[in-house]
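Chemist: The structure under discussion is supplied below as structure tokens; questions concerning it will follow.
What follows is calculated from the coordinates using simple rules that are stated; it is not laboratory data. Since we're looking at a predicted model, the values are computed, not measured. Cβ placement follows ideal geometry from the backbone for every residue including glycine, while neighbour counts extend to all protein chains displayed.
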There are 2 protein chains.
Amino acid sequence: MSDSRPIALDAMGGDHAPHEIVAGAVHAVRERGLAVVLVGSPRVLYEALADHDATKEVPIVRAEEALSMDEGALASLRRPRSSIAVACHLVRRGDAAAVVSAGSTAGIVATGKLRLKGQQGVLRPAIAVALPTLPTPTVLLDAGANAEVKPEMLVQFAHLGATYAELAHGVQDPKVGLLTIGSEAEKGNKLVKRAHELLQTSPGIQFAGNVEGHDLLTGKVDVITTDGFTGNVALKTMEGAVRYAFTELRESIGDSRMARLGAAMQRSRIRDLRRRLDAEEHGGAVLLGLNGTVVIAHGASRAQGISAACRLAADLASAGVVPAIGEKAASQSRSHRLW
Amino acid sequence: MSDSRPIALDAMGGDHAPHEIVAGAVHAVRERGLAVVLVGSPRVLYEALADHDATKEVPIVRAEEALSMDEGALASLRRPRSSIAVACHLVRRGDAAAVVSAGSTAGIVATGKLRLKGQQGVLRPAIAVALPTLPTPTVLLDAGANAEVKPEMLVQFAHLGATYAELAHGVQDPKVGLLTIGSEAEKGNKLVKRAHELLQTSPGIQFAGNVEGHDLLTGKVDVITTDGFTGNVALKTMEGAVRYAFTELRESIGDSRMARLGAAMQRSRIRDLRRRLDAEEHGGAVLLGLNGTVVIAHGASRAQGISAACRLAADLASAGVVPAIGEKAASQSRSHRLW
């Protein structure tokens, strides 16, 4: 299945917007053969495209406003013509296959909910992140869209994540784990204890029981369901710990001349590895449960990260993840009194 | 200041009890010059000590029962003569300076609360962990004693952690951060938003604002306060990520012959580094807020880890951390209506 419609790329969101976003669009078009439209200030974007001799390769859709990186959910109401709002609008009208933005996560989530609406039967859209486990990624959600949730939402996140794992990663009957602080059923706070009970009796979920923080990268389960507060803290802790380990390693290697010689030999391999673990290379997080595909690239994304996010968005649109989630949510809300 | 009383070491708790615990006790006595008593089954412990020719160096206190690693809080009520209960009793009677156990965390917390009681003015004892930042560790608490907390408790954890950082790590006016999902005051769930307000106006706390998951290892603050659910997930995620990074690195290095040559040169440095990051080497977590010093060693601790935990327990007892926390809590509960 393929979708010839372009990716609507928010050119004004991100720490390095618009130049790295534009460079990412050019990379996605030239190196990955994707169709991309840039959404933002035409004058600024035209000049940036000209630097790449790419003014004829990447169309621009006008949006004169933008959400700044420190603006939160309310700004999406105040700025109906922001670049992220216009990008969502392109998807809603059927003119684009998916949205990609490296802007403020809170702004993207709020704008996506406002412009694309949640799918029928979906209680709350959630942010899903693919962790770099092998052979297939473990999907962690919610990674930050909902700081406050109810147990039923953790069950629905399990469904959203399982559908994502099936379609995006080809996992049959994904195993779902519930993130908490011990493997026994009674371990955790009230929220997860109740969610544990619900998950045990939920049709269509292969519930593998509780998982803990150290299971994020072991590949023990295919999907990890958690609230957006815990998920966000865990994800950022993981990224920080990996960065810390590499920094310490570099300093440790630099300590002696012999070691430095050894280090020179393997520098390229360490760089490769770091890249694989780097959030930027995964292409970003996905906002699941909306009437449209929205990929949230890391705020610090540079051209490579933006291009990878466009690839991810195109793949998700082609795989039909959004319609599949819609069908699943609708059938669950019919069969399950809780939803 | 020094304390000549021995450390009461729970010889029956831990994945590798009793042999690694006994080996750790022998190491602590011989290599660190500490006084240690082993608490557990005399017959078993005598034999294990005999293997080290140490029957005359380490006294034994009898406890015929033990909590198993998968037993939780209730078991501490059912087994008043468990090894951890007897160890706590020795501290309570003044016959030991501190307790060390590598047993089930839930069992240690419940037994500690039951046998040693919380200090006056302390709402809830909390588990504090020293993260390996430089030049001084960042104290994270609560790392798992309280899955469900109120905002006032997060404020008190800040006090407990600050007192610990001052006395155990020599930090003047420790900076305290609140763990949440964004740097702005309004980021997070209801619990942390309210705690943020309270911390801003709490006398005696140098509140540095919100911190996020990636700040655990940057040394940005001296103390991180959080609920025991989030703290436990974050801590285990951090440990898992560091372990993952090293495993991946080892496999990546093994990939090519050139790299393997380089790796041989620096193997010892990598091992050193890993050891510094390894939870076992820190000596474990500390249960703050009780009428006595309790150190919780990692369940997987081997002799080195147990010996380090005994060192930590002896240092904390000498530094007078417990009396200082008691004074602080009492004065806070007088001056602050919330407690």
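Chemist: Could you check which residue among A:12, A:69, A:153 shows the biggest mean-square fluctuation in a GNM of chain A with a 10 Å Cα cutoff?
Modeler: It is A:69.
Chemist: Distance between the C-alpha centers of the stretch B:1-76 and the stretch A:110-184? Whole Å please.
Modeler: If we compute the Cα centre of each part, the gap is 45 Å.
Chemist: Oh, and also: Based on alpha-carbon positions alone, could you give the equivalent ellipsoid semi-axes of chain A from the gyration tensor, as √(5λ), descending, whole Å? Each step should come with its number before you reach the end.
Modeler: Details: eigenvalues 199, 160, 57 Å².
Square roots of five times the eigenvalues give 32, 28, 17 Å.
Chemist: Same structure, new question: Find how much the distance from residue B:150 to residue B:300 grows on full extension, using 0.36 nm per residue of separation minus their present alpha carbon separation; answer in nm with one decimal.
Modeler: Numbers: separation 150, 0.36 × 150 = 54.00 nm, distance 3.14 nm.
Value of the extension gain: 50.9 nm.
Chemist: Let me ask something additional. So for the protein assembly as shown, what are the equivalent ellipsoid semi-axes in whole Å, largest first, each being the square root of 5 times an eigenvalue of the Cα gyration tensor? List each step's numbers first, then the result.
Modeler: Values: eigenvalues 455, 149, 113 Å².
Semi-axes (√(5λ), whole Å): 48, 27, 24.
Chemist: Sticking with this structure for a sec: Comparing A:181, A:306, A:21, which has the greatest mean-square fluctuation in the GNM of chain A with Cα pairs linked when under 10 Å apart?
Modeler: Between A:181, A:306, A:21, it is A:181 that shows the largest mean-square fluctuation.
Chemist: So, R0 is 41 Å and r is the distance between the beta-carbons of residue A:247 and residue B:31; what FRET efficiency does that work out to, to 0.05?
Modeler: On the way: r = 32 Å, r/R0 = 0.77.
Using R0 = 41 Å, I get an efficiency of 0.85.
Chemist: Can you list the distances in nanometres, one decimal and ascending, from the residue B:55 label point to the identical position in each other copy, with the point 7 Å along Cα to Cβ?
Modeler: Listed shortest first, these distances are 9.4 nm.
Chemist: Then there's this: Provide the net charge surrounding residue A:31, with neighbours chosen by a C-beta distance below 14 Å and charges set as Lys +1, Arg +1, Asp -1, Glu -1.
Modeler: Working: positive: A:30, A:32, A:311; negative: A:57.
So the environment of residue A:31 carries a net charge of +2.
Chemist: Where the centre of each part is set by its Cα atoms, how far does the stretch B:194-215 sit from the stretch A:286-301, in angstrom?
Modeler: For the stretch B:194-215 versus the stretch A:286-301, the Cα centre distance is 31 Å.
Chemist: Counting other beta carbons within 10 Å of each Cβ, put A:64, A:239 in order, fewest first. List each step's numbers first, then the result.
Modeler: Numbers: A:64 15, A:239 19.
Lowest to highest Cβ neighbour count: A:64, A:239.
Chemist: First select every other residue whose beta carbon is under 13 angstrom from the beta carbon of residue B:105; then total the charges, Lys and Arg +1, Asp and Glu -1.
Modeler: On the way: positive: A:187, B:113, B:236; negative: A:184, A:212, B:10, B:15, B:70, B:71, B:142.
Around residue B:105, the charge tally is -4.
Chemist: I've got another one for you. What gaps in nm, shortest first, separate residue B:114 from its twins in the other copies when you place the label 7 Å past Cα toward the beta carbon?
Modeler: 5.5
Chemist: Sticking with this structure for a sec: How well do other chains shield peptide B:225-236, expressed as the mean number of their Cβ atoms within 10 Å of each residue Cβ? Don't skip to the end; give the middle numbers.
Modeler: Working: counts 0, 1, 3, 2, 11, 8, 2, 7, 15, 9, 5, 10.
Across the residues of B:225-236, the mean count of other-chain Cβ atoms within 10 Å is 6.
Chemist: Using Cα-Cα distances under 8 Å and only pairs 6 or more residues apart, what relative contact order does chain B have, in percent? Walk me through the numbers before you get to the answer.
Modeler: Details: 733 pairs, mean separation 79.7, N = 339.
It comes to 24 percent, rounded to a whole number.
Chemist: Using r as the Cβ-Cβ distance of residue A:201 and residue A:330, and R0 as 22 Å, what FRET efficiency do you calculate, to the nearest 0.05? List each step's numbers first, then the result.
Modeler: Numbers: r = 20 Å, r/R0 = 0.93.
It comes to 0.60.
Chemist: For residue B:331, place a label point 7 Å from Cα along the Cα-to-Cβ direction in every copy; what are the distances to the other copies, in nm, shortest first?
Modeler: Going from nearest to farthest copy, the values are 6.5 nm.
Chemist: Rounded to the nearest 5, what % of DSSP beta bridges with both residues in the protein assembly as shown are antiparallel? Don't skip to the end; give the middle numbers.
Modeler: Details: 22 of 72 bridges.
For the protein assembly as shown, the DSSP antiparallel bridge percentage is about 30.
Chemist: If you don't mind, another one. If you take every DSSP beta bridge whose two residues both sit in chain A, what share of them, in percent to the nearest 5, is antiparallel?
Modeler: Details: 11 of 36 bridges.
Beta bridges within chain A, antiparallel portion: roughly 30 percent.
Chemist: Quick one: the Cα spread of the stretch A:14-76 along its three principal axes, in angstroms, biggest first?
Modeler: 36, 22, 17
Chemist: What does the average come to when, for each residue of peptide B:177-188, you count the partner chain Cβ atoms lying within 10 Å of its Cβ? Spell out each step's value before the answer.
Modeler: Details: counts 0, 0, 4, 4, 13, 8, 1, 3, 0, 3, 6, 5.
Per-residue shielding by partner chains comes out at 4.
Chemist: Span-like helices, chain B: DSSP H, alpha-carbon axial extent 20 Å or more, mean Kyte-Doolittle -0.5 or greater, which ones?
Modeler: Numbers: long enough: B:151-169 (26 Å, 0.35); B:228-254 (39 Å, 0.03); B:257-277 (28 Å, -0.91); B:303-319 (24 Å, 0.81); B:321-335 (21 Å, -0.10).
Flagged H segments are B:151-169, B:228-254, B:303-319, B:321-335.
Chemist: Mind scanning B:190/B:220; A:56/A:328; A:193/B:113; A:117/A:175 and naming the pairs with a C-alpha gap bigger than 32 Å? Write down the numbers at each step before the final one.
Modeler: Working: B:190/B:220 24 Å; A:56/A:328 41 Å; A:193/B:113 23 Å; A:117/A:175 28 Å.
Result: A:56/A:328 exceed 32 Å.
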